[in-house]
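The block underneath contains the structure these notes are about, expressed in structure tokens.
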Amino acid sequence: MKKVLLQLDTDQHPSPFDAIVAEDAGVDVLLSHGSVTPEAVRDLVQGAFFTRPPGDSSMAVWIGGSDVTDGEKLLDEVQAAYFGPFRLSTMLDSDGCNTTAATAIALIAKDRDLRGRRAVVIGVGPVGLRSATLLTQEGCDVFAVTIPADVLGTVSYHRPRGLAAAEGLGMDAREPADRSEMETALEGANIVLAAGPAGVQVLRKEVWSASPTIELLADYNAAEPLGIEGVEAGDDLVEREGKLVLGALAVGGKKMKTHKACLRRLFERNDLVLNADGVYAVAREIV
């Protein structure tokens, strides 16, 4: 049978990125739905899997969109729609958070023992939080810091929603008042990840280059200006100022491989659920 992917996107327009990668990964039929709400999931999913015999693995579900919290609600409803032998393998990658974070941490952890290393994640968005969680699982002493208003270039400051999420995960999260306080939080760090908004420089070269403890930096921002001053987006664990640097484009290339590999994995069985941990396992194989 043809491989059919049910794309459930919480945004008005289903992600063209996710759709194109699905085609590249060998999906034959893509059923894309936008503005999907939790209430709509059951009919969409059951309307799909009732066309296949129990145990069939020619159909799978992809959950995307820009809001991870909304995506997680859809995932819960997808799983609630299953019964008996009727189920489909499903993957959640809202905002690309799982494939991006998993690939970056897999690259950092490859051939390295991270146990006991001190890691700081700048930014508590979905990618930053996923990265912090995976680093913790690798044995790092991790804490996350929010990005203050003077770094973001905004007049007003609103407490990031991700801060509450970090605290809910039991993560050590800090909310510095300004750039100086944020940079002070980097003291003693061995690994620093910049997971700020696109086009916002969160870390100055004079700060990271002068640090006696920082060994590795990773930047998720591919838009100019980059998140870390003095690095290049294509840096693939390149040495700069005595530190190893992983740039956004170096992560992105392997992220695409992880993304496609996960899609193919969905069609190997009908009961697979790929969230952060599952995607990370695939990423470790890829890198």
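List of remarks:
- Residue match in the stretch 172-190 (condition: open to solvent by 30 Å² or more (accessible area, probe 1.4 Å), at pLDDT below 95 and not charged (D, E, K, R)): yes
- Among residues of the stretch 83-105 that are within 11 Å of Val127 (Cβ to Cβ) and in contact (Cβ under 8 Å) with a residue 12 or more places away in the chain, those with a Cβ under 8 angstrom from a residue that is among the aromatic types (Phe, Trp, Tyr) and part of a loop (DSSP other than H, G, I, E, B), sequence gap 6+ or separate chain, pair up as Thr100/Tyr220; Ala104/Tyr220.
- Residue check for Asp95: closer than 22 Å to Ala261 by Cα, at pLDDT below 95 and surrounded by 14 or more Cβ atoms within 10 Å (Cβ to Cβ): yes
- Subset of the stretch 197-219 that is β-branched (Val, Ile, Thr) and closer than 22 Å to Leu129 by Cβ - its residue that is surrounded by the most Cβ atoms within 10 Å (Cβ to Cβ): Val202
- Put simply, of Gly123, Gly168, Gly153 the only residue that is more than 20 Å from Ala222 (Cα to Cα), out of contact with any helix residue (DSSP H, G or I) (no Cβ under 7 Å at 6 or more places or on another chain) and either at pLDDT below 95 or crowded, with 21+ Cβ neighbours inside 10 Å (or both) is Gly168.
- Residues within the stretch 54-76 that are more than 21 Å from the chain's Cα centre (by Cα) and crowded, with 20+ Cβ neighbours inside 10 Å, tallied: 1
Table: residues versus (1) surrounded by 14 or more Cβ atoms within 10 Å (Cβ to Cβ); (2) over 30 Å from Asp236 (Cα atoms).
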{"residue": "Gly26", "(1), (2)": "no, no"}
{"residue": "Val78", "(1), (2)": "yes, yes"}
{"residue": "Arg87", "(1), (2)": "yes, yes"}
{"residue": "Met91", "(1), (2)": "yes, no"}
{"residue": "Ala102", "(1), (2)": "yes, no"}
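The values are calculated or read from the model by the stated rules, or taken from the named source; none is laboratory data. Predicted model, so just to flag it, every value in this text is computed and none were measured. Every residue, glycine among them, receives a Cβ derived from its backbone with ideal geometry; neighbour counts consider all protein chains shown. Calculation scope for accessible area: heavy atoms of the full protein, side chains included, ligands and nucleic acids excluded. Shrake-Rupley method; radii C 1.70, N 1.55, O 1.52, S 1.80 Å.
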